[in-house]
1. So what is the relative contact order for the chain, in percent, with contacts set as C-alpha pairs under 8 Å and at least six apart?
2. Counting DSSP beta bridges in the chain, what percent are antiparallel, to the nearest 5?
3. Kirkwood Rh, Cα Rg: Rg to Rh for the stretch 255-304?
4. Based on the alpha-carbon gyration tensor of the stretch 279-347, what equivalent-ellipsoid semi-axes (square roots of 5 times the eigenvalues) come out, in whole Å, largest first?
5. With r as the distance between the Cβ atoms of residue 132 and residue 51 and R0 = 60 Å, compute the FRET efficiency 1/(1 + (r/R0)^6) and round to 0.05.
6. Using Cα pairs under 8 angstrom and six or more residues apart, how large is the relative contact order of the stretch 322-447, in percent?
7. Tell me what the chain gives for mean residue ellipticity at 222 nm when only DSSP H runs of n ≥ 4 count, each as -39,500 (n - 2.57), the sum divided by the residue total, rounded to 500 deg cm²/dmol.
8. I'd like the antiparallel share, as a percent to the nearest 5, of DSSP beta bridges with both residues in the stretch 121-201.
Ligand SMILES: [Zn+2]
């Protein structure tokens, strides 16, 4: 699969993401086959190895996104001004049914390419547009054609989870397509309504029987609540592999249940800030000791790179801390959430959420998912004083120089390797044409440009009387 027997990244600043969050300067990383073989100084390159000059760059594990609706990338940016309500109406009620298998394929392909370009080597495809098994086959076809690491989180917003997960076609799909390939994991993706009858029970039983993890949008204002968490807990379906997405509007009782059962929370700060699931919850879940991973949710609104996730998560957490202190007439003199913590969430945190201790770290024996951030032409690339701070606040996707997935070089010299972007573009254009045609021009425009609520400029007491400045008055 690789034209190189080994890859040696020479002389970089290495963030191995070990327990102590070390920073190793002037350090080499040697990859042999699909594994990290060595991390150290002056390593010898085996014959036939590709040597990459990593000086003035940062070498870190590939980033892991634990929740991205990849099929929606075909509508990139369309919903920039949406709320969650408008999103639900557009996808769940009105237009989600228009997506054909080839449209899921087009979105997934572009999303998978976009992830690699940004150094995101593992993506959980929270694929809830799988109306039929043909859609699911198309989703997997796309994921398998792009050399990233993926987890298909199978979902279908057009049917209750007990219904779609109970069909023989679903079982057959899992048997056919989920074969233990290291590059393709599997989860079941559905939400828990909080209905006291707990209609999701049968879907949880299917997940348990298949031995797969469940990922669920939890604590989403107006949609999923503490009731769903309580029902899951009372029926014994909360496990250490369960991933709670957002978990942004939950009470302490729910966080206690998540913490006690060992699950993790996938925080999508850009999403929570705009869509309205609740305040980005890292400030609360930190306090409960719940493991965190990061995610981007959907490119129909936001960016698809974890640099933005790290940046916005630091900002939101610190904003909340300052605001809470100011409400007590106090001042925060020391930030609690640190840059190295969000880099850990973007790497090891994702690996933990997926139960993959072989990912998210650069140590001998771990899987070789590796990112080199280096851009000698960028004025933002130096000085490199605080590497964690640099990753979280300075770097961006254009600075991703080299990416390896499972030891394979998929980006090199700031360019993707062996990716047919023109074909991906044609497929997405065809999907956009199809959707636009099926919706009609008016609905298409209205969907993208929701009404703005009426706002009124506030009364201003200083405009009641004529004002003359003291400068003119005092003469
Ligand atoms: Zn989501």
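Every number in this text was worked out from the coordinates using simple rules, so none of it is lab data. On a predicted model such as this, the values are computed, not experimentally measured, just so you know. Positions of Cβ are generated from backbone atoms using ideal geometry, with glycine treated the same way; all protein chains shown enter the neighbour counts.
1. About 20 percent, as a whole number.
2. Close to 45 percent.
3. 1.02
4. Working from the Cα gyration tensor, I get semi-axes of 23, 14, 11 Å.
5. So, using R0 = 60 Å, E works out to roughly 0.80.
6. Dividing the mean separation by the residue count of the stretch 322-447 yields 16 percent.
7. So the calculated ellipticity at 222 nm is -9500 deg cm²/dmol.
8. 10
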